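The values are calculated or read from the model by the stated rules, or taken from the named source; none is laboratory data. Everything quoted here is computed from the prediction, not taken from an experiment. Methodologically, a virtual Cβ is constructed for each residue, glycine included, from the backbone with ideal geometry; neighbour enumeration extends over all protein chains shown. Please note that ligands, DNA and RNA were not included when accessible areas were found on the heavy atoms of the full protein model with its side chains. Shrake-Rupley method; radii C 1.70, N 1.55, O 1.52, S 1.80 Å.
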Amino acid sequence: MPELPEVETVRRRLAPVLEGRALERVEIEDARLVRPFDPLVVAAELEGERVAKVDRRGKYLVVRFDSGRVLLIHLRMTGTLLHQPTADLPHRRALVTLDDGTAVAYRDVRRFGTWLLLEPGELEPYLGLRLGDEPLGRFTAKALGERLSGRRAPLKAALLDQRTLAGLGNIYVDEALWYARLHPLRPAGGIEADELRRLHRGVRRALELGISRQGSTLSDYRLPDGSPGSMQREFRVYGRAGEPCDRCGTPISKARVGGRGTWFCPRCQVF
Ligand SMILES: [Zn+2]
């Protein structure tokens, strides 16, 4: 599932394609993408809009138009945006033709992705309810401590909660906790000041490495030109049960935390 580094990679590649361009023709081929709204109505509303900027917030792509409206895209499990797709692209759910004659297709095998057209002023209240701070913005260890304070949930579950920090998912939480040398089952509210600083650094390190490797491709994720990311080669724990820890050589363990597969080193991530 695309997390912050994957969505940020898509944003960086799509911004030069979309910014300054008008959406000439919009075809929404799967009603589920825009439900509960009518796909024909949404497509007609989008046609003629000119893209001012492509931003990201957490795992959302924020396509801002000159009109002040916003198209908020969430890729969920398997959503992919492709520039200049082939005509026979399987699992295509939408196709946008730009005023320079190029096209961007939206592909989604599992069909959990969403496109939501927001009117001016609607974005901040919508995201404000759902998302905490951006982990790569002006985010401090102290602010992270305030978010975790008093919480009895396991650290892993607290970090997966998008209201703690925006953009982390199963892969980057496990990687961040390995860098921070913190056990995923530690109660989130019991993290000491020096551990918080390690966690703050670990989160940023995992995400920055993910961005520099253009995300991780385990199945569906692709860059807009169709190429895969390479972060999967840099995983320290994720999916590596039984393999030696890069720091101490102990075999990586796998557990389930809140129903999610969780990988960690039982020696350097002490409880
Ligand atoms: Zn280790």
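Here are the numbers for this structure:
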read-out	value
Volume per residue of the C-alpha convex hull in region 153-230, rounded to whole Å³	91 Å³
Label-point separation, Ala241 to Ser149 (7 Å along Cα→Cβ), nm	3.8 nm
Global size of region 60-113 as Cα Rg and Dmax, reported in angstrom	12.0, 34
Computed E for Arg205/Glu24 - FRET, C-beta separation, R0 45 angstrom, nearest 0.05	0.60
Region 123-271: projected area of the alpha-carbon convex hull, averaged over directions, in nm²	9.5 nm²
Per-residue SASA entry for His183, accessible area with 1.4 Å probe, Å² rounded to 10	20 Å²
Surface share of carbon and sulfur [accessible, 1.4 angstrom probe, percent] for region 193-271	46 percent
Rounded to whole Hz, the Karplus (6.51, -1.76, 1.60) HN-Hα couplings of region 14-29, x for glycine and proline	7, 4, x, 6, 9, 5, x, 8, 9, 7, 7, 9, 10, 10, 9, 9
DSSP-loop trypsin sites (Lys or Arg not before Pro) across region 79-151, with at most 16 other Cβ within 10 angstrom	Arg110, Arg111, Arg130, Arg138
For Leu165, distant residues with modelled amide H under 5 Å away	Gly132
log10 of Debye I(q)/I(0), alpha-carbon scatterers only, for region 91-143 at 0.24 Å⁻¹	-0.96
Solvent exposure of region 154-233 as accessible area per residue, Å², 1.4 Å probe	37 Å²
Taking all pairs of distinct alpha-carbon atoms in region 1-40, Kirkwood radius in angstrom	12.5 Å
Along principal axes, Cα extents of region 2-114, largest first, whole Å	30, 29, 29
Inter-site label distance for Glu234 and Tyr126 at 7 Å from Cα along Cβ, in nm	3.1 nm
Size-normalised alpha-carbon gyration radius of the chain, reference 2.2 N^0.38 Å	1.06
Where labels lie 7 Å past Cα in the beta-carbon direction, separation of Arg163 and Arg111 in nm	3.1 nm
Region 136-146 - phi-based ³J(HN,Hα) in whole Hz, Karplus 6.51/-1.76/1.60, Gly and Pro as x	9, x, 7, 10, 10, 4, 5, 4, 5, x, 5
Region 158-189 residues near the modelled Cys248 label - backbone nitrogen below 13 Å, point 7 Å along Cα→Cβ	178-184
Residue-by-residue Karplus 3J(HN,Hα) for region 87-96, coefficients 6.51, -1.76, 1.60, Hz, glycine and proline x	5, 9, 3, x, 6, 6, 10, 7, 9, 10
DSSP-assigned coil residues among GluC sites (Glu not before Pro) in region 187-253, each with at most 10 further Cβ atoms within 10 Å	Glu192
